[in-house]
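None of the figures in this text is laboratory data; all of them are computed from the coordinates on show. Given the structure is predicted, the values throughout are model-derived calculations rather than measurements. Here the Cβ positions follow ideal geometry from the backbone for every residue, glycine too, while neighbour counts run over all protein chains shown.
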């Protein structure tokens, strides 16, 4: 099953499991220096009410994959932190989303 939502709540078990798996993957396994909330959840400043999440679950309700889609107006990861990766203009627009935090536990 795929759950699509805008924004998140840690009171929602689906959201909490995604952020927990993000911490395991990005912080524990890959060693990224990113924020960790309550020593359990990888949540950064782009995890806001504007972010869209696609979260996949198996039949038992276990998180099996997720990704975050960020609006590109105003700022996003590419424009704020990785602008040097673009040879030309940074992609932006109401119909342009940045895909980040693809997480497979």
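Values as computed for the structure displayed
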| item | result |
| --- | --- |
| Counted residues, segment 47-90 - those being in a loop (DSSP other than H, G, I, E, B), touching a strand residue (DSSP E or B) at 6+ places or on another chain (Cβ under 6 Å) and surrounded by fewer than 18 Cβ atoms within 10 Å (Cβ to Cβ) | 2 |
| Residue list for segment 1-46, restricted to those being touching a strand residue (DSSP E or B) at 6+ places or on another chain (Cβ under 6 Å), over 20 Å from residue 98 (Cβ atoms) and exposed (fewer than 13 other Cβ atoms within 10 Å of the Cβ) | 1 |
| Failed item, numbered, when residue 11 is tested on (1) touching a helix residue (DSSP H, G or I) at 6+ places or on another chain (Cβ under 8 Å); (2) free of Cβ contacts under 8 Å to residues at least 12 places away in the same chain | (1) |
| Within segment 91-105, tally of residues that are under 29 Å from residue 21 (Cβ atoms) and part of a loop (DSSP other than H, G, I, E, B) | 4 |
